[in-house]
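The structure under discussion appears below in the form of structure tokens.
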There are 2 protein chains.
Amino acid sequence: MTRADSLIQELIEIVGTRGVLYRKEDLLAYECDAYTIHRGMPRAVVFPATTEEVAGVVKHLHKQRIPFLPRGAGTGLSGGAIPIGGEVIISLVRMKKLLHVDLENRLAIVQPGFVNLKLTHSISDKGYYYAPDPSSQYACTIGGNVAENAGGAHCLKYGVTTNHILGLEVVLPNGEIIELGGVPDMPGYDLIGLLTGSEGTLGIVTKITVRILKNPEDKKTVLAYFDEVEDASYAVSDIIAAGIVPAALEMMDTVAIEGVECGTYPVGHPPGLKALLLIEVDGIAAGIDEQIDEIVAVCRRRNVLEVRVARDEAERGRWWANRKTAFAAMGTISPDYLVQDGVIPRSRLPEVLNEIRQISETSGLRIANVFHAGDGNLHPLILFDARKPGETELAVNVGSAVLRVCADAGGTITGEHGVGIEKKEEMRYVFTGEEIEAQTRVREVFNPDHLLNPDKLFPKPGRCAEMGIIRE
Amino acid sequence: MTRADSLIQELIEIVGTRGVLYRKEDLLAYECDAYTIHRGMPRAVVFPATTEEVAGVVKHLHKQRIPFLPRGAGTGLSGGAIPIGGEVIISLVRMKKLLHVDLENRLAIVQPGFVNLKLTHSISDKGYYYAPDPSSQYACTIGGNVAENAGGAHCLKYGVTTNHILGLEVVLPNGEIIELGGVPDMPGYDLIGLLTGSEGTLGIVTKITVRILKNPEDKKTVLAYFDEVEDASYAVSDIIAAGIVPAALEMMDTVAIEGVECGTYPVGHPPGLKALLLIEVDGIAAGIDEQIDEIVAVCRRRNVLEVRVARDEAERGRWWANRKTAFAAMGTISPDYLVQDGVIPRSRLPEVLNEIRQISETSGLRIANVFHAGDGNLHPLILFDARKPGETELAVNVGSAVLRVCADAGGTITGEHGVGIEKKEEMRYVFTGEEIEAQTRVREVFNPDHLLNPDKLFPKPGRCAEMGIIRE
């Protein structure tokens, strides 16, 4: 029996025959996640069903010095769940139970493989919901959301994942199990905050206590069309300056609008628009109409072409489906696309969008912008054709240039998609060597041997910036 | 020249003659902070005026292996700024500038010695404020707030300090200066979250970027009197269950009410009340009255004796002054008092308050409860007389017993005052040895020699629980 065979045998002993994939044809689906530029082949994929099985697998791999990484639904956009090559993937999709709901204290306990949207579906009849709503929420898991500190359209008002995590059970890279938190503001260091967004490099989350919220009494949604990007940008700032905190404040530009109108959920946006805003207000019913009036007035002052309020829940739902499937819709107007994810101060929106347009013109690649304008969280979608020689590399370089623009505008290189495999080198745009070292020293504490999700999140020390495109 | 003398000389070279205190009579004021049970004498107190001076002092002390700790206004309630004995205190009160205000992007940059309330005062004419409002906000510094992750009455709706910190400049224990963040959701590990609430054990914060908020359009405040603690407790749960998120939801019991009526700001609460609630709602003007009506209706269903809305800002101000000076007011009804700070699930309020009453009866010490009921963040004030032999020790043990009740109810041992010197041993109520070790390993990364604020926050490994009362 070869060493590889014996490893598979040992993993099967822990999780059962149906809990291990190891044949090449079965592994192909695990070569990449929703970031498709890089690929890497795992040695095996295991599917533990309990915390103890996760700990057992990790202990075994730790003893054998075999690298490994956790994976949820594989919807990540920066390659955090892609192997470098040879790791064992620990898939958490079998651990998909809703363990406990405590409405009185507003919390729920889930396993990491529990799908984001299912939580809201499970408690909506009682009048509650789970706030963080990444566009992939119908598929992505809450464990993955914790790893990436996922955001979403409604995070403007309600905060990103880290603001909703009350407790974690974690399997450390040596197989130890620890419990963190469970109530707000635990004493000691905020290790829950540290683990959340650590992109699977500090531990594997096996149980999550999340905050749940009471449904707002009412919500209303506004759609506004503009023929100048600047007008839409200024409207965004004016709405916030008016003291309104919308539940969501989304923007799309010409190319993005063209995309969504060719996608699965077209809603009839007129052709040739320069920008649209999708603005939602929620809360106590009594205050909503005044806020909507104010938003409409702001849009008018900023030369809106057309502005209207969703007539009913059905129309509101169509507008959101149109927005939330924007990334996928790009596939209808371009053979390939690369999603970027920069953050800028809200006040710099007009100039940064202008610079992105210039990068697009210089490179010859179209760029669609569809993003969380209220947060200054841009999502430039770089459209390219991987079949054309050099165009993948060009798209990657364009993405990198866009991130540089964000960083130079006082922003940063990721808002909610993470660094993963994709943006390791771009970390140097926003951190000094000392600052990166301070972070990697924290990784050493939890993950001293780099067996857990190796070569993610941080650039290699001392290496010059380089963009490696791996195509196996 | 003795080694001690030469140290003073070297510190003077860095921060100037007027920047160092070293004579015994000058050091006495630095023996304790607002936690008065423990005392410890520093070797010297230095007052750097710039980040470079902080780094210079730290580098020097690091080289000489002399322990040191940072100190703000000394309003901390768990002894985080008290020396064990022999440390150099680095006071940050000279670094008290408001460096920058950016209204458009809703942020301000302050030095650590800038007083909390001054920030709101500096921007209120433009219609903005800084949300975290510890009761000591007229005196406490934002640097100290970061160290303790300070809360306050209005943190129910707006979150504690960590939710308002966008960036930090930090001097590490070896004198290195690092910058963290500056925009929301920086990539990499959340070191800002890790530093916030680390009680001065990971680094010394020298510059802070905070989020500022637009003033709510309107706010209204309700005062409700009850003759059963249970009724008031259920009213708290009912208000939250109704989908209202009050800006503040405070509770006081009989002893606390007696105290505040003997304090500096009596407002004429009738004698013999069992509980009062102070409830504030803020936001868009249009929704406020409906929420107030609902709150009043909830109180009536819970057998309120009297409930009324503040007639004007002056009355609202008096109610808040009465509440915010509650701790100090205890000095008028008891020679000494010990503030505790436990957290419990909101739904367990009635039973935990009952258990605290039993501890009070058993011990013979009166306990006043004045607290953030909406957060389940209790502040039992244990009244005692330090002149009576053994009563200080008794008060400390009562405090510890109260924390055990909170921990056993599924809560924890501090909501906002920190662990400091006071609650190191009680950390064992809520963390296993492995979990404490995971945290101390994080400390090792930043503070490997334990020169920075030694012997705080964590119990000594392997030691049995013991309560050491130090009186020099």
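Here are a few things to note about the model shown:
- A:Pro461 closer than 28 Å to A:Val146 by Cβ, at pLDDT 95 or above and in contact with a helix residue (DSSP H, G or I) (Cβ under 8 Å, 6 or more places away or on another chain): no
- Qualifying strands (runs of 3 or more DSSP E) (wholly inside the range B:81-184; at least 2 residues being within 14 Å of another protein chain (Cβ to nearest Cβ)): B:98-102, B:107-110, B:165-171, B:177-181
Residue-by-condition table, conditions (1) closer than 29 Å to B:Gly374 by Cβ; (2) in contact with a Gly (Cβ under 9 Å, 6 or more places away or on another chain):
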| residue | (1), (2) |
| --- | --- |
| A:Arg94 | no, yes |
| A:Asp102 | yes, no |
| A:Val110 | yes, yes |
| A:Gly113 | no, yes |
| A:Ser122 | yes, no |
| A:Lys126 | yes, no |
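- Selection within the range A:331-356 - within 29 Å of A:Val245 (Cβ to Cβ) and either more than 14 Å from chain B (Cβ to nearest Cβ) or part of a strand (DSSP E or B) (or both): A:Val339, A:Gly342, A:Val343, A:Leu353, A:Asn354, A:Glu355, A:Ile356
- B:Leu213 vs. criteria of a type in the set (A, V, I, L, M, F, W, C), facing chain A (nearest Cβ under 10 Å) and over 30 Å from B:Lys274 (Cβ atoms): yes
- Number of the exception - A:Pro70 against (1) at pLDDT 95 or above; (2) assigned to a helix (DSSP H, G or I): (2)
- Scanning the range B:54-63 for any residue that is crowded, with 19+ Cβ neighbours inside 10 Å and under 25 Å from the mean Cα position of the chain (by Cα) turns up at least one such residue.
- Restricted to the range B:1-43, and to residues there that are among the hydrophobic types (A, V, I, L, M, F, W, C) and in a loop (DSSP other than H, G, I, E, B), the residue that is surrounded by the most Cβ atoms within 10 Å (Cβ to Cβ) is B:Ile37.
- The set of residues in the range A:200-219 that are within 20 Å of the chain's Cα centre (by Cα) and either within 12 Å of A:Glu179 (Cα to Cα) or part of a strand (DSSP E or B) (or both) comprises A:Gly203, A:Ile204, A:Val205, A:Thr206, A:Lys207, A:Ile208, A:Thr209, A:Val210, A:Arg211.
- Exclusive hit being surrounded by fewer than 21 Cβ atoms within 10 Å (Cβ to Cβ) and at pLDDT 95 or above, set B:Asn145, B:Asn116, B:Asn174: B:Asn174
- Helices (runs of 4 or more DSSP H) lying entirely in the range B:373-450 (those with 3 or more residues that are at pLDDT below 95 and facing chain A (nearest Cβ under 7 Å)): B:433-446
- The criterion of being out of contact with any helix residue (DSSP H, G or I) (no Cβ under 7 Å at 6 or more places or on another chain) and under 22 Å from A:Gly151 (Cβ atoms) does not hold for A:Glu261.
- The range A:73-109, residues that are modelled with pLDDT of 95 or more and basic (Lys, Arg): A:Arg94, A:Lys96, A:Lys97
- Check on A:Ile288, more than 28 Å from the chain's Cα centre (by Cα), modelled with pLDDT of 95 or more and within 25 Å of A:Gly151 (Cβ to Cβ): no
- Residue match in the range A:227-237 (condition: more than 24 Å from the chain's Cα centre (by Cα) and buried (at least 23 other Cβ atoms within 10 Å of the Cβ)): yes
- Evaluated against (1) at pLDDT below 95; (2) within 25 Å of A:Gly144 (Cα to Cα), A:Ala4 falls short on exactly one condition, (2).
- Checking B:Gly188 against (1) farther than 29 Å from A:Asn215 by Cα; (2) of a type outside the set (S, T, N, Q); (3) surrounded by fewer than 19 Cβ atoms within 10 Å (Cβ to Cβ), the condition it does not meet: (3)
The values are calculated or read from the model by the stated rules, or taken from the named source; none is laboratory data. Computed from a predicted structure; not experimentally measured. Heads up, the Cβs are rebuilt from the backbone with ideal geometry, glycines too, and the neighbour counts pull from every protein chain shown.
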